[in-house]
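The values are calculated or read from the model by the stated rules, or taken from the named source; none is laboratory data. What you see is a predicted model, and the numbers here were worked out from it, not measured in a lab. Using ideal geometry, Cβ is built from the backbone for each residue, glycine included, and neighbour counts are taken over all protein chains shown.
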Amino acid sequence: MVLFGPAGNSESFYAQGNQETLQTPKWLKEQGKGLFEGGLDIFEYSFGQGYRMNTPTAEKLGQEFAKYNIELSIHAPYFINFANPDAVMYEKSLGYIKTGIKFMKSFGSKRFTFHAGSCGKETRENAIKLMTERFKEFMPEVEQELDEGMYLNPETMGKQMQIGTWKEIIDLCTISKKLMPTFDFGHINALTQGALKTKEDYQRIFDYCFEKLGEERTKNAHIHFSKIQYGEKGEIRHLTFDDFIYGPDFEPLCDCLIDNKMSCHVICESNGTMAEDSVTMKAMFLNKLNKFE
């Protein structure tokens, strides 16, 4: 079954008087009433600006989400860049990964999304070559720290200077069975100037993933979805589902998920309406699934 939920708390969460993420699980289970039973299923906690949490707090959060049967995933700090030629910066990036694995265990989380790298002053070819060499270097060690069912999830990116086309991310994941893609379809759409329009556009990406990574990692892939404004260099800003200019639309992806009998986690990154748009996606998915059944 495909699971749905937000990245962070919606503006409405706070507008309704909630103040902290410990209140989130109960609130998420109340979403979607009248459309489906059981509320939303997953939540992504972002450490984008750094790890500003202690272990006891992480464990408490993990227990509260588990109480409501909501799976937690983590987004790493934005500072990671395995294509940076500076050895000190490489060690810092690796440190962010290792610290993230500790938080995964405290949260009881299985998925850890991160930005793999950017070109900087290097050519794209050289940046990817260096990044690939480093992943081959550190993944055997990191694999030993990952419990069964835990994955590191490099993310597809939305700007030209970032490393993270869908092919680059899938190819990177061939290095280790503990690497699973995060397909951010808003990013992919922004980078390709609105190329995600039909079910076949999504299927092309999944077909390549099936070929390179096999059925398990493809069917269980991590997904970010939001509509994103873009310009000639790619991503500009996240939008809400009220947008009808930039896209992408969820319906073609929804059909693709059903056709391929996927079990993906779909995290919504809309601008302030993450939970509401997650409800929209889950309702559409369940309605279409019921018609097929």
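Just the residues that are assigned to a helix (DSSP H, G or I) and either touching a residue at least 12 places away in the same chain (Cβ under 8 Å) or on the phi > 0 side of the Ramachandran plot (or both), please, taken from the range 1-47.
Those that are assigned to a helix (DSSP H, G or I) and either touching a residue at least 12 places away in the same chain (Cβ under 8 Å) or on the phi > 0 side of the Ramachandran plot (or both): 11, 12, 13, 21, 22, 24, 25, 26, 27, 28, 29.
Does the range 130-152 include one or more residues that are in a strand (DSSP E or B), buried (at least 19 other Cβ atoms within 10 Å of the Cβ), aromatic (Phe, Trp, Tyr) and under 21 Å from the mean Cα position of the chain (by Cα)?
yes
Among the listed residues 270, 263, 226, identify the single one that is in contact with a Gly (Cβ under 6 Å, 6 or more places away or on another chain), within 25 Å of residue 72 (Cβ to Cβ) and modelled with pLDDT of 95 or more.
Sole residue among the options that is in contact with a Gly (Cβ under 6 Å, 6 or more places away or on another chain), within 25 Å of residue 72 (Cβ to Cβ) and modelled with pLDDT of 95 or more: 226.
Considering only residues of the range 274-293 that are in contact (Cβ under 8 Å) with a residue 40 or more places away in the chain and more than 11 Å from residue 5 (Cα to Cα), which is surrounded by the fewest Cβ atoms within 10 Å (Cβ to Cβ)? Break it down into steps so the answer makes sense when it comes.
Of all residues in the range 274-293, those in contact (Cβ under 8 Å) with a residue 40 or more places away in the chain come to 274-279, 281-283, 285-286.
In the following step, the residues that additionally are more than 11 Å from residue 5 (Cα to Cα) were identified as 283, 285-286.
Details: 283: 15, 285: 23, 286: 18.
Looking at residues that are in contact (Cβ under 8 Å) with a residue 40 or more places away in the chain and more than 11 Å from residue 5 (Cα to Cα), I get 283.
For the range 117-167, how many residues meet the condition of being of a type outside the set (A, V, I, L, M) and closer than 28 Å to residue 196 by Cβ?
Going through the range 117-167 one residue at a time, the tally reaches 22.
When you go through (1) within 18 Å of residue 104 (Cβ to Cβ); (2) part of a loop (DSSP other than H, G, I, E, B) one by one for residue 58, which number turns out not to apply?
Just one mismatch for residue 58, condition (2).
Looking at 39, 8, which is the one that is small (Gly, Ala, Ser) and either under 15 Å from the mean Cα position of the chain (by Cα) or surrounded by fewer than 21 Cβ atoms within 10 Å (Cβ to Cβ) (or both)?
Details: 39 fails: either under 15 Å from the mean Cα position of the chain (by Cα) or surrounded by fewer than 21 Cβ atoms within 10 Å (Cβ to Cβ) (or both).
When all the criteria are applied, what remains is 8.
Among the residues of the range 61-101, what is the count of those that are closer than 18 Å to residue 5 by Cβ, touching a helix residue (DSSP H, G or I) at 6+ places or on another chain (Cβ under 8 Å) and surrounded by fewer than 14 Cβ atoms within 10 Å (Cβ to Cβ)?
Matching residues across the range 61-101 total 1.
Go through the range 178-206 and give me each residue that's touching a helix residue (DSSP H, G or I) at 6+ places or on another chain (Cβ under 6 Å), assigned to a helix (DSSP H, G or I) and polar (S, T, N, Q).
203
Being within 18 Å of the chain's Cα centre (by Cα) and either more than 19 Å from residue 230 (Cα to Cα) or among the basic types (Lys, Arg) (or both) is the filter here, so list the residues in the range 257-272 that pass it.
257, 262, 263, 264, 265, 266, 267
Hey, can you tell me all the residues within the range 162-177 that are polar (S, T, N, Q) and not in a loop (DSSP other than H, G, I, E, B)?
162 - this is the single residue of the range 162-177 that is polar (S, T, N, Q) and not in a loop (DSSP other than H, G, I, E, B).
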